[in-house]
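**Student:** Sending over a structure as structure tokens; questions will come in a sec.
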Amino acid sequence: MRAFLVAASLAALLAVPALAAQRPAPPSSHNYILGRFADADNRPDDAARYYDAALKADPGDTTLQRRAFDAALAGGDERLAVGLARDLDAARAGDAATALVRLADAVKRRDWAAAAAVKGLPDVGYAAVVAPVTQAWIAVGRGDVDGALALVDPAKFAGVAKSYVTEHRAMILAAARRYADAAPLFVAMVADEAKNVDRLRIAGAGSLAAAHKVDEAKALLAAGDPDPALDAAAKRLAHGEPLAAATEPRQGLAWLMTRLAGDLSREKPVSLALAFARTATFLAPDLGETWLIAGDVLLRGGRAEAALAAFGHVGPRDPVAATAEVHRGLALAELDRNDEARRVFERAATAREATADDWQRLGDFERKLNNHAAAAEDYGKAIALAGDKAGWALYFLRGAAYEQAGDWARAEPDLRRALALQPDDPTVLNYLGYALLDRGQKLAEAQALIATAAKLRPDDGFIADSLGWAWFRSGDFARAVAQLEIAARLEPGDATINDHLGDAYWRVGRRLEARFRWRAAADLSPEPAEAKLLAKKLDFGLDVATADTAPPPPKP
């Protein structure tokens, strides 16, 4: 169907009046339109190819060059991206992304003069460290290690910048084989803010081992949380194999770009994060983590197909191979290739080295598909594996899955356990309160739980809806209307909230407004059961529609 709609839209765009039919569209326009459609369809490889073809007919069009560059970057076409970056910068139409690509190209060619001369590198926020770290690695490339170390002196930096600089000082020392100086820096980092950064722990273990402190190296790896990459490093160490961080500028800068991409995209995808991630793959395609972060940034940006291709570059023997496979499953799930995704998650969960996270991930996948009973079982296995370390979130997820599956007898204890472990979490308070309310049980407690959640998170439309519905269920319809109107302002596009407000309007005699809200709810893709009830309300009103669906009587 999607292919048919695209073809139909394309035909409409290309349609011309009969008198102009004899004049075919210029090749540049035709390819440009195809490129735009490929862009819209999240096919960056095809988009880049079409834009490149259009550029051959109109090589000086900087707008077209920009679109082609962005598509080449998203699709990972290094040759095209480098050429377009040069063209855009020459036309003074470049930016931080084009500068990064040109830097990577110069570093790979070991043209240190060209690398040092690149202008326009990112210098805001996290990216303020790009210039000093880049210049330090360029100095390493030129053989000036002391000059490089002077550029990455942690004493000259503060905050997050100091963390970046310390990391690369340690890497430069290790690359210069000054392992005794590098090891303490790595050890200090993983003992503090980088305790969960596996690559730094592995690099530290590598420096310790190279400094003939093998037992300390083993202890450093063992101190990390269970992880396939750490297990693989421990095996290599046991066989006497080296554990290197970065041995040359190309790899050092790839690690810099990888970390920046991860930090920038932690909350939401940004275009600069993709530029950093793709630059990392251009610099060091042999490092699996560069492909891992590129895939993650693409996936968060809605480019699941491109993400899948990126994860496919991680070889089976790479230290992050297991992680990449799981992330491949996430991309498959995003593409609704659910059978393939399930096989990926099940393999991870049933592997000998499976963790609680693997079972939780499988549970999350089943929950997304509304397989709530299966999700509850998976969360249960995660809880069993986690043991005493099972946190409130796992109990909440299992309780919610049981509740959605209709097993309230099992759901309530889990939800109450989650609340006991995290008593001030608005999500848990609201969920338990609404579940009680929905069943007509312990209404006073339900209302109190929801009211507490609303105080903790006053701008949450869904919690505001729960509180309004609590007033509705208690018979205080005027108060319910006021509260549900707040909820509707906060979440105007939610079907249930509009449905609830319609019911409240009906009870206070505002019948036209009630029907308006029910019609709005019906147009907002409600669940099938809710849609059926809405249709009855619109036809017959609230009283007739709910005559045979009245809630159970309240229980103490």
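**Student:** Taking N as the number of residues in the chain, what is its Cα Rg relative to 2.2 N^0.38 Å?
**Tutor:** Its radius of gyration relative to the 2.2 N^0.38 Å reference: 1.18.
**Student:** Could you work out the relative contact order of the range 424-556? I mean the mean sequence separation of Cα pairs under 8 Å and 6+ apart, divided by the number of residues, in percent.
**Tutor:** RCO, the range 424-556: 21 percent.
**Student:** Separate question: Nothing charged except the Cβ atoms of Lys and Arg (+1) and of Asp and Glu (-1): what's the magnitude of the dipole of the range 424-556 about its Cα centre? Round to the nearest 20 debye.
**Tutor:** 440 debye
**Student:** Follow-up question, since we're still on this one. How far is it, in nm, from the label point at Asp111 to the one at Lys368 when both lie 7 Å from their Cα along the line to the Cβ?
**Tutor:** Label at Asp111, label at Lys368, 4.3 nm between them.
**Student:** If you count, for each residue, the other Cβ atoms within 10 Å and average over each peptide, how do 392-398, 441-447, 490-496 line up from highest to lowest?
**Tutor:** 392-398, 441-447, 490-496
**Student:** Find how much the distance from Thr546 to Arg489 grows on full extension, using 0.36 nm per residue of separation minus their present alpha carbon separation; answer in nm with one decimal.
**Tutor:** 17.9 nm
**Student:** Go ahead and run the numbers for FRET between Arg416 and Leu456, Cβ-Cβ distance against an R0 of 25 Å, rounding to 0.05.
**Tutor:** Approximately 0.90, to the nearest 0.05.
**Student:** Sticking with this structure for a sec: Roughly what would the spin-label model give for Ala93 and Ala444, points 7 Å off Cα along C-beta, in nm?
**Tutor:** 7.2 nm
**Student:** Angle between the Cα long axis of helix 130-141 and the longest principal axis of the chain, 0 to 90 degrees, nearest 10?
**Tutor:** Approximately 30 degrees, to the nearest ten.
**Student:** Between His30 and Glu334, take the C-beta separation as r, use R0 = 35 Å, and let me know the FRET efficiency to the nearest 0.05.
**Tutor:** Result of the calculation: an efficiency of 0.65.
**Student:** Roughly how tilted is helix 271-283, in degrees to the nearest 10 and between 0 and 90, from the longest Cα axis of the chain?
**Tutor:** With rounding to tens, the tilt is 40 degrees.
**Student:** Stick to the Cα atoms of the range 238-383, pair each with every other, and give me the Kirkwood hydrodynamic radius in Å at one decimal.
**Tutor:** Its Kirkwood hydrodynamic radius stands at 16.1 Å.
**Student:** Give the calculated FRET efficiency between Glu241 and Ala40 to the nearest 0.05, with a Förster radius of 41 Å applied to their Cβ-Cβ distance.
**Tutor:** 0.30
**Student:** How big is the Rg/Rh ratio for the range 98-142, C-alpha atoms only, Rh by Kirkwood, two decimals?
**Tutor:** Checking Rg against Rh, the ratio lands at 0.95.
**Student:** Given N residues in the range 25-94, what is its alpha carbon radius of gyration divided by 2.2 N^0.38 Å?
**Tutor:** 0.98
**Student:** Calculate for the chain the 222 nm mean residue ellipticity that helices alone would give, adding -39,500 (n - 2.57) per DSSP H run of length 4 or more and normalising by residue count, nearest 500 deg cm²/dmol.
**Tutor:** Helices in the chain give a 222 nm mean residue ellipticity of -22500 deg cm²/dmol.
**Student:** How high is the relative contact order of the chain, in percent, with contacts defined as C-alpha pairs under 8 Å that are six or more residues apart?
**Tutor:** Taking the mean separation of contacting Cα pairs over the length of the chain, I get 6 percent.
**Student:** With angles folded into 0 to 90 degrees, how steeply does helix 392-404 sit against the dominant principal axis of the chain? Use alpha carbons for both and round to 10.
**Tutor:** 40 degrees
**Student:** Moving to a separate point now. Two-decimal Rg/Rh of the range 424-556 from alpha-carbon positions, Kirkwood Rh?
**Tutor:** 0.95
**Student:** A further question follows. With just the Cα atoms defining each centre, how far is the range 426-443 from the range 309-356? Give it in Å.
**Tutor:** 36 Å
No value in this document is a laboratory result; all are computed from the given coordinates. Note that the structure is a prediction, hence the values are computed from the model and not measured. Note that we place each Cβ from the backbone using ideal geometry, even for glycine, and neighbour counts take in every protein chain shown.
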